[in-house]
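Below you'll find the structure, written out as C-alpha cells, and then a few comments.
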Amino acid sequence: MPGRMYWFLLEVPEIIALEKGSVEGRSWLGLTREEARSVVDAIWKLPKVVNVGERAMPATRRLAESIRDADGWAAFGRRSALMELLYTVIEASRAQTAGEDERVEILERAKREIFASRSSPPTVADLADRLNVSRSHLHRVFRECLGETPKGFIERIRLEEGCRLLCQSDASIKKIAHELGYATSQHFATVFRRFTRHTPSQWRSLNRGEL
C-alpha cells in the first residue's frame, strides 16, 4: 500500500562539547547540560532500526509542517516536535531492548530443555508449560530469533540426534526410531529422508563413524 517516508538529519553534539556547557555558545534544544548529555548518550546507543509503529507519526507530521514555516512560533514548534519524536524513539528502543532480552532468555531456556533430552525432546505444549509461556508467545520467539517454529526446531534437533546415533552406534534403525520417539521406523525414515534426502540406511552407509 502507498505510504510516505520522512528523513531527518539531526546534528547531535559530541559529549565533549556538552561538557563545556554549551554547543557553539548556546544550549542544545534548550536543554540543560545534564539533560542534553542524557539525550545525546541515548541517541548514540540507538540501534540501526527502531520499531515505533504509528506512535511517532503525530510528532513527525508536526515537525514536517513546522519546517515549512520560518517565524519564531514555528521554531518553537520544531523544537517541541523534535523533542517529542526523540522521546518516542528512545522509549521505543528501550522497550525493544527489554523485549529482545526476554526473547533471548526464553530461547536459551528452551534450548537447554530440548538439548537436555534430545533423544526424546518435549512437545511444544510441554516446552511452553516448562517455560511458563503461552504456545503462541513461544512460537513468536522462535520465529523472530531463529526463523523457524518450535516444532521445526525440535524436529531438527531430534533428527540430528538420529544422524549421530546412526553413525556412532550399532543399534537397529527400528530401535533408534523408538528412542527418538517415532511411532514406527517407517515414520522415522519418511521424516529422515525429507530432512537429509537419504534413507537412514543410506546415511549410515555414507557417514559411518564420521559424527
Whichever lysines have a C-alpha closer than 28 Å to that of Lys151, once near sequence neighbours (fewer than 8 apart) are set aside: Lys111, Lys174, Lys175
Cleavage-rule hits (GluC sites (Glu not before Pro)) in the stretch 49-136: DSSP loop, at most 10 neighbouring Cβ within 10 angstrom: Glu54
Calculated FRET value between Ile67 and Glu34, using beta carbons and R₀ = 22 Å, to 0.05: 0.20
Förster radius 30 Å - calculated FRET efficiency between Cys145 and Ser120, Cβ distance, rounded to 0.05: 0.80
FRET efficiency estimate (nearest 0.05) - Cβ-Cβ, Phe76 to Val104, R0 35 angstrom: 0.25
Tensor-based shape of the stretch 155-207 (alpha-carbon gyration tensor, a/c under 1.5 rounded, otherwise prolate or oblate): rounded
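Every number in this text was worked out from the coordinates using simple rules, so none of it is lab data. Source: prediction; values computed, not measured. Heads up, the Cβs are rebuilt from the backbone with ideal geometry, glycines too, and the neighbour counts pull from every protein chain shown.
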